[in-house]
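Notes follow once the structure below has been shown.
The values are calculated or read from the model by the stated rules, or taken from the named source; none is laboratory data. All figures in this text were calculated on a predicted structure; none of them were measured in a lab. Positions of Cβ are generated from backbone atoms using ideal geometry, with glycine treated the same way; all protein chains shown enter the neighbour counts.
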Amino acid sequence: MNKISIIGGGPTGLMAAEVIAAGGAQVDVYDAMPSVGRKFLMAGKGGLNLTHTEPLDAFLARYGARRPRVEPWLNAFGPDALRAWAHALGFETFAGSSGRVFPKDMKAAPLLRAWLHRLRAAGVAFHMRHRWRGWDEDGALQFDTPQGAVCVQSDATLLALGGGSWARLGSDGAWAPLLAARGVNIAPLQPANCGFDCTWSDHLRTRYAGQPVKSVIASCTDSSGATYRQPGECMLTEHGLEGGVVYALSAPLRDAIAAQGHARLYLDLAPGRDAQRLVCDLSSSRGKRSLSNHLQHQAGISGVKAGLLREIASSTDLADPARLAALIKSLPLTLTAPRPLDEAISSAGGVTFDALTETLMLRGLPGVFCAGEMLDWEAPTGGYLLTACFASGRAAGAGVTHWLHTRTPL
């Protein structure tokens, strides 16, 4: 029986293990952490967002320039297939009003437990606290363990080591120099689905840091002139901004900062109000009302939104209804840097696709496959990131099975 080593016990590695075990091979999963799925469990703390009901073409567009690479994975195992997979494990799913798909009980832990039970029943073995250190001179996998160094020979190896964010949960990017030393081309790891720095006044930071900025539309423009818009909310932090709408736009914002040293993010603070009507409402007499009361009464702007508006607007802007309305509908914020990689939800960069065959085998290392977030692609949260991680695990698992039978890539 062929012996396959999978390094990395997140959703990608576990899905690959399922596929390879079904093909008749012995599968051993190695992970540096005390238990598998640490990041998966953390991501499901507020409700496990498995996937999204968005139409497939729009869903695929979420992968940007990497769509041609990711699309084959999702054609083979897309959102509907992922929901059917969860159902087969005994977990019904539902779609929320935003289109996000969750297990009915919202939790990640029961699903992971059921999945691990099924994998063990299929013969998959798990080896915890095994930190991969590369290969020895004979091509054996080297691991550091609490009992000392261990070497393992395998007929094929699948690396599913994650990206570079959330190092405390195991995704620390330590694999990058190990592969680079073997000649594998790796794009630098960068934060994705991340917050950004923005210079606030002491007043704004002290009074509003930690408060959500709800019901906004965020927008930005990339270097090609393409405009991105995202409704939702974000949060003002001591350093700048984070949260859903910022994460969704993190790729073009990050790339703009890399190209020109800053990025401009625009917030529509009153997305349900027509701009011209807003000018009329703000032009009405204030009487004895303060500007704060006038903004709240005539434009629905108060709290942290009013604080942001005052942060950017000049006294001339505040006195001119047309200029004030324009700022409310498109408040420009200058972002100066993404937050550090380890704070990010996920990462961009990784093993480049030109280093891989169509079945995700490393061209320069026959029998070694890579999958998941350690590859050079990214996607926003909302189910897109997790769906493609599952799908890439299945694709790489199928590639391993084909390799075992033919010793040639597809």
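Before moving on, here are some points about what is shown:
- Within this structure, ARG286 passes the test of being assigned to a loop (DSSP other than H, G, I, E, B) and over 20 Å from LEU333 (Cβ atoms).
- The listed residue being within 30 Å of ARG394 (Cα to Cα), among the small types (Gly, Ala, Ser) and in the same structural domain as ILE312 (by TED's automatic domain parsing), out of SER201, SER171, SER165, SER250: SER250
Results for (1) under 25 Å from ALA22 (Cβ atoms); (2) in a helix (DSSP H, G or I); (3) among the aliphatic types (A, V, I, L, M); (4) out of contact with any Pro (no Cβ under 8 Å at 6 or more places or on another chain), shown as yes or no for each residue.
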position: ASN293; (1), (2), (3), (4): no, yes, no, yes
position: GLY307; (1), (2), (3), (4): no, yes, no, yes
position: ALA326; (1), (2), (3), (4): no, yes, yes, yes
position: LEU365; (1), (2), (3), (4): yes, no, yes, yes
position: PHE390; (1), (2), (3), (4): yes, yes, no, no
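- Inside segment 1-24, residues that are over 18 Å from ALA114 (Cα atoms) and either without any contact (Cβ under 8 Å) to a residue 24 or more places away in the chain or surrounded by 22 or more Cβ atoms within 10 Å (Cβ to Cβ) (or both) make up a count of 7.
- Yes/no for GLU311 being in contact (Cβ under 8 Å) with a residue 60 or more places away in the chain, in a helix (DSSP H, G or I) and in the same structural domain as GLY139 (by TED's automatic domain parsing): no
- Test result for THR157, closer than 19 Å to GLY367 by Cα and assigned by TED's automatic domain parsing to the domain that holds ASP28: yes
- Qualifying residue in segment 140-152 (condition: free of Cβ contacts under 8 Å to residues at least 60 places away in the same chain, part of a helix (DSSP H, G or I) and at negative phi): no
- Hits in segment 275-316 (condition: crowded, with 16+ Cβ neighbours inside 10 Å, over 16 Å from SER215 (Cα atoms) and of a type in the set (Gly, Ala, Ser)): ALA313
- Segment 317-336 residues that are surrounded by 15 or more Cβ atoms within 10 Å (Cβ to Cβ), paired with ones that are of a type in the set (Asp, Glu) (beta carbon under 7 Å, 6 or more apart): ARG323/ASP317; LEU324/ASP317; LEU327/ASP317; LYS329/ASP268; LEU335/ASP197
- Within segment 114-139, the set of residues being part of a loop (DSSP other than H, G, I, E, B) and surrounded by 15 or more Cβ atoms within 10 Å (Cβ to Cβ) comprises VAL124, MET128, ARG129, HIS130.
- Residue within segment 355-366 that is at pLDDT 95 or above and within 30 Å of GLN260 (Cα to Cα) present: yes
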